[in-house]
Amino acid sequence: MAAVVEVEVGGGAAAERELDEVDMSDLSPEEQWRVEHARMHAKHRGHEAMHAEMVLILIATLVVAQLLLVQWKQRHPRSYNMVTLFQMWVVPLYFTVKLHWWRFLVIWIIFSAVTAFVTFRATRKPLVQTTPRLVYKWFLLIYKISYATGIIGYMAVMFTLFGLNLLFKIKPEDAMDFGISLLFYGLYYGVLERDFAEMCADYMASTIGFYSESGMPTKHLSDSVCAVCGQQIFVDVSEEGIIENTYRLSCNHVFHEFCIRGWCIVGKKQTCPYCKEKVDLKRMFSNPWERPHVMYGQLLDWLRYLVAWQPVIIGLVQGINYILGLE
């Protein structure tokens with residue numbers, strides 16, 4: 001190992017040749033890592049100008065890509081959301097198959113199958129009366145599971161950083177892998193379900209007729225009808241319908257409490273389903289224990305960019321570096 005250290009200090013082409021001749025089979029894992037680290041430094045020594053150019057390309061690409069994405073989202077939100085949803089759904093599948101993450105693949109297939117069925121139901125015309133509540137129940141379930149999974153994963157990571165895993169005789173690397181895996185599962189499926197739920201919410205509300213993404217609704221909303229599910233708000237015991245709590249927005253439109261919460265949290269809508277007046281989420285979720293759900297939803301919206309577009313931008317940067325002959 002002394003020879004390795006001397007070579008690492010020496011530098012130059014001769015050092016790189018000597019490092020290539022080191023027999024890795026007789027070294028411990030830590031020593032092998034040091035040799036690989038030394039090889040990397042020897043290979044890139046004297047390339048400071050090239051590295052600075054690569055950093056500038058990365059920064060410029062990130063800025064330009066962000067500006068283009070913002071303009072695309074503002075001018076054509078529907079196509080932007082569809083492409084983003086498709087990328088979030090497919091990009092992790094590529095890495096899963098490539099890296100043989102079979103457990104993630106099984107969960108992805110189950111989630112995709114059920115979500116495809118729910119989405120199919122949500123896009124049918126005429127819309128079955130029970131479909132809106134089925135859609136919101138499914139995506140609300142995934143939302144809660146992803147929320148709990150993310151919290152447990154975050155706690156596992158923090159416990160590992162503070163060394164509490166040693167109390168249970170768990171190796172740090174095992175505890176950290178467990179925490180990061182749960183955190184990834186929670187955040188990924190949380191982001192994915194919110195986008196699918198938003199798409200389904202738009203389709204269902206437009207089909208029911210009390211909501212239009214642009215323009216006036218095709219139906220007049222009666223005081224006795226919920227604009228989210230299209231069913232009667234108040235029903236007699238002898239009548240068929242949903243008996244549950246109601247919620248009145250600041251615009252005085254009344255909805256089933258479950259429906260309007262699903263519309264706002266799961267469907268990512270912050271406007272009245274009928275008149276599009278902005279909903280005061282702080283007033284709706286006055287309970288302090290419910291406010292983290294709103295914050296968690298905002299975090300998931302921010303992560304959409306990282307999950308969907310960051311791999312594309314990094315791939316673009318690598319392509320530019322390859323064309324310019326930069327390593």
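The values are calculated or read from the model by the stated rules, or taken from the named source; none is laboratory data. Everything numeric here is computed off the predicted structure, so don't read it as measured data. In this analysis, Cβ positions are derived from the backbone assuming ideal geometry, glycine residues included, and neighbour counts consider all displayed protein chains. In case anyone asks, the SASA skips ligands and DNA or RNA and just uses the protein heavy atoms, side chains included. Shrake-Rupley method; radii C 1.70, N 1.55, O 1.52, S 1.80 Å.
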Ordered by residue, what ³J(HN,Hα) values in Hz, to whole numbers, does region 67-72 give under the Karplus form 6.51 cos²θ - 1.76 cosθ + 1.60, where θ = phi - 60° and Gly and Pro are x? 4, 5, 5, 5, 5, 4
Ordering of 143-152, 72-81 by packing [mean C-beta count within 10 Å, highest first]: 143-152, 72-81
Let me cross-check residue 224: its accessible surface, 1.4 Å probe, with only protein heavy atoms counted, in Å² to the nearest 10? 40 Å²
Ranked by accessible surface with a 1.4 Å probe, highest first, in what order do 162, 95, 178 come? 162, 178, 95
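Quick check on region 115-156: take the gyration tensor over C-alpha atoms, sort the square-rooted eigenvalues as a ≥ b ≥ c, and tell me if it's rounded (a/c under 1.5), prolate or oblate. It would help to have the intermediate numbers written out before the result.
Details: a/c = 6.84, a/b = 3.38, b/c = 2.02.
Prolate is the answer for region 115-156, as a/c is 1.5 or above and a/b outweighs b/c.
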Label model pair residue 173, residue 152: point-to-point distance (7 angstrom along the Cα→beta-carbon line) in nm is 2.4 nm
Ignoring ligands, DNA and RNA, how do 191, 312 rank by accessible area with a 1.4 Å probe, largest first? 312, 191
List the residues whose amide H sits under 5 Å from the amide H of residue 225, counting only those 5 or more places along or on another chain, with H placed 1.01 Å from N in the peptide plane. 233
Accessible-area order (highest first, 1.4 angstrom probe) of the listed residues 198, 36: 36, 198
